[in-house]
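I have placed the structure first, in the form of structure tokens, so that the comments after it can refer back to it.
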Amino acid sequence: MGKRRSSSKDGKVVGSPAGRRRSEPYLAWLEAEVREGRADLRERINELECLFSVDRELRRTDHESRTSVQRIVELLPSGFRFPARTAVRVRWGEEEFSGEGFESTRNRLSKRIAAGDQVRGEIEVCRNATEEGSAASFGPEEESLLAGVADRLGEALGRREAEGELRESEAFLQSLVRSAPIPLFTIDSRGRVLSWNPAAERTFGWAPDAVVGGPPPIWPEARREELALMLRRALDGESISGLRLACLRHDGSSIDVSLAVAPVQGRADRVNAILFAVQDFSDPSGAWSRNRFQARLLDSVGQAIIATDLDGKVAYWNRAAQELYGWDSTEALGKNIMDLTPALEPAAEAEEVMEILRKGGSWSGEFETRHRDGSPVHVLVTNAPFSDEQGKLAGIIGASSDISILKNLEAQLGQAQKMEALGRLAGSIAHDFNNILTVIQGHTEILLDDLPLDSGFQDDIREIIDATERATQLTRPLLALSRRQVLDLRIQDLRESTRRMESILRRLVPSRIELSFDLEGDPEWIKADVSQLDQVILNLVVNAVDAIPGTGAIGVTVDRREISREQAESGPWEAAPGTYARLSVTDSGMGMAPDVEERIFEPFFTTKPPNEGTGLGLSTAFGIVRQGRGYILVDTAPGRGSTFEVIWPLAKPPREASEPVADFGSDRDSRPPETPHNKLVLIVDDAPAILRITTRVLEQAGYRSLTAANGEEALRMAEAHHPELALVISDVVMPVMGGAVLLERLHSSFPDLPIVLMSGHTDREVGEDLRAFASGFLAKPFGPRDLIRVVEEATSG
């Protein structure tokens, strides 16, 4: 038969040579598509085989994980095009695995390996250029393959870490159960024993191999129904304690115990076991009693005792820990210690400490943490590791002590020492400055007396004298700060003294601020310098005005304040326990931040702009109060204003006291000096300028004078001229021998010899008993009239 021929619509024969020529391009295209499809199919098959191989490798056991990852690195290129020119590198946890010939190139593809929300590594694929030099880019199918492998690696890493943590947790719990001093055992839902610790074996006599897998042999027959009911309650999630019964021992004897039962939850919060804790009541002197005694000891100590596993999860938490940190034991157990006692230091430092302990080292130190209520707590901690029965490191035990009171006292001591140092500096400056002012004032007053009344220099000299007096006012805050002012201590009613200042303060406080006084009540008698008390009240109110930028209120109150023994010991008051008179000045101003509050009593510290404040107001008040044996404290916070409290020891009422009483209506005696009658006066001062001006004033007034530069020289001159010596005028602070020692030696040798002290401040070496020996006191700076008046008064008797 001949070949059948078909025809096309145009009548031409397909099988003819012309038809074959037309079909050849179509066939070539079709063959190319088939070849490309087969290639794509092979690539998809290679990808699937690659993923199957990766899954198979990841199913290996943990100890084969390194081998698994290395095999994945070697087989993964088979799932990509051009496998011969493709290499893989995997960073898995902290390790790195690279395939043969891996070299990072510009033609690369990478994916992160994540376990949960944390990135744990990276998988990177690089492809080298072809022989012709072209770099074949990665296609979307290859990106999808790499993403799938990265996801599988992340899931495997997360699963293995979780399983490892679970095994470590189970091992820790098993170690706790084994080392527990009390009998512990667990049973499943059908009543079969799952675990039996060594304490249970010691108490009941059965070894674990004899009881695990069967019902507990300790149950008495008469109580089995009751125990079955208890088992059902525990399976329903209920915890039971205090069940007393007589259990059986292996030797047939009985033992009185108390049972505590708790459900053990597994996955999906399902109860899959029941834990029994046994308390032995039959042997008061046995191991259980000893352990209970030890537990009571740990609960009785004043230190917080906390035990954790190596990951920081709390395993023991005593009563003192509950008091120190605010969490009770049921809340703390199982939680991370870092969450319960968050350190205020950087987390990296706390982690460094934990790492030292995990490696078996001990650590002691101080750190600041927070109580459950958020308040800061300073603690002193000593941590040490402990081991299980096999000697393997099992956890960390620590003892913590609250040192907040100690840190507070240290801060108060540091502040007091700083103020003491500043006070000494201020006192020294004021002393030297007053010496200079004494010389200036003395010479100018002498010059003024020598000038004719119509001299054109009269006004100039008076200006110098006025400037000297103004300069004297500047030194007074420095003397108050150094607590070395000359005080005229008198008994006065704090309420009345404050009431006397009311009119002055109302003129001082602007109308935009409401000023109120609460001064009703019985007299509050204190012993204080009248002018200095006025200065304290004035400075505190002025400070309150400055703290209120707009409208506001200031309250001044006088009442009593009780200081308990606890407040005296732990602060904030440094005063001894007792009852005190209190002055309070409260403002509704801006308040102060802690860093400002720490420095408010420092001299020259101010928050005002330049040239708007000296910074001496509060420091002056502080110095005056402390010199007067009082105490000052501030309670402030940003946004809620400030309250300054000043307390003084209560004094006896005037009718019961022998001290002078304040008289606000009297003036100083202004009697003119009497005639000197050529009396001999010994002047002692280490400043030559003071000796010269004092000598000149006395000699012009008709006195004879001797001078000495220190106490030793003065003693020799006093012994040589005693029969005719009428008076000694001595500075307080001098080298070699000061005025205090000189006063004592002169009083001992010449009890009838009048002695006048002079100084820019009253040195603390001169106690009240020695001051009683002095016949007078000259406060520098002083003028010729003051000098003559004091000398005349001292020699008039």
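The values are calculated or read from the model by the stated rules, or taken from the named source; none is laboratory data. Please read these numbers as outputs of a predicted model, since none were measured by experiment. Neighbour counts run over all protein chains shown; Cβ positions are idealised from the backbone, glycine included. Please note that ligands, DNA and RNA were not included when accessible areas were found on the heavy atoms of the full protein model with its side chains. Shrake-Rupley method; radii C 1.70, N 1.55, O 1.52, S 1.80 Å.
The table below gives the values:
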read-out: Unmet criterion (only one of (1) out of contact with any strand residue (DSSP E or B) (no Cβ under 6 Å at 6 or more places or on another chain); (2) closer than 19 Å to Glu142 by Cα; (3) crowded, with 17+ Cβ neighbours inside 10 Å) for Ala115; value: (2)
read-out: Count - residues of the range 317-334 that are modelled with pLDDT of 80 or more and open to solvent by 40 Å² or more (accessible area, probe 1.4 Å); value: 4
read-out: Helices (runs of 4 or more DSSP H) completely within the range 302-345 that count 2 or more residues being more than 24 Å from the chain's Cα centre (by Cα); value: 329-332
read-out: Scope the range 704-725; condition among the hydrophobic types (A, V, I, L, M, F, W, C) and out of contact with any strand residue (DSSP E or B) (no Cβ under 8 Å at 6 or more places or on another chain); matching residues; value: Leu715, Ala720
read-out: Every residue from the range 739-758 that is in a loop (DSSP other than H, G, I, E, B) and surrounded by fewer than 21 Cβ atoms within 10 Å (Cβ to Cβ); value: Phe750, Pro751, Asp752, Leu753
read-out: Matching option when the condition is under 31 Å from the mean Cα position of the chain (by Cα), of a type in the set (D, E, K, R) and open to solvent by less than 50 Å² (accessible area, probe 1.4 Å), among Arg582, Arg599; value: Arg582
read-out: Filter result for the condition that a residue is open to solvent by less than 70 Å² (accessible area, probe 1.4 Å), at pLDDT 75 or above and not hydroxyl-bearing (Ser, Thr, Tyr), over His371, His443, His431; value: His371
read-out: Residue among Ser375, Ser404, Ser387 that is out of contact with any His (no Cβ under 9 Å at 6 or more places or on another chain) and under 18 Å from Thr341 (Cβ atoms); value: Ser375
read-out: Number of the exception - Gly395 against (1) under 20 Å from Ser329 (Cα atoms); (2) part of a strand (DSSP E or B); (3) under 27 Å from the mean Cα position of the chain (by Cα); value: (3)
read-out: Some residue of the range 721-728 being of a type in the set (Val, Ile, Thr) and open to solvent by 10 Å² or more (accessible area, probe 1.4 Å); value: no
read-out: Val377 vs. criteria of a type in the set (Val, Ile, Thr) and without any contact (Cβ under 8 Å) to a residue 40 or more places away in the chain; value: no
read-out: All positions within the range 682-706 that are open to solvent by 20 Å² or more (accessible area, probe 1.4 Å), of a type in the set (S, T, N, Q) and closer than 18 Å to Phe777 by Cα; value: Thr695
read-out: Test: residue in the range 346-355 that is within 26 Å of Leu173 (Cβ to Cβ), touching a residue at least 12 places away in the same chain (Cβ under 8 Å), in contact with a Leu (Cβ under 8 Å, 6 or more places away or on another chain) and open to solvent by less than 50 Å² (accessible area, probe 1.4 Å); value: no
read-out: Helices (runs of 4 or more DSSP H) enclosed by the range 124-211 - at least 2 residues per element that are crowded, with 16+ Cβ neighbours inside 10 Å; value: 140-179, 198-204
read-out: Answer residue from the range 67-117, given it is under 47 Å from the mean Cα position of the chain (by Cα) and modelled with pLDDT under 80 and is farthest from Glu155 (Cα to Cα) among those; value: Glu94
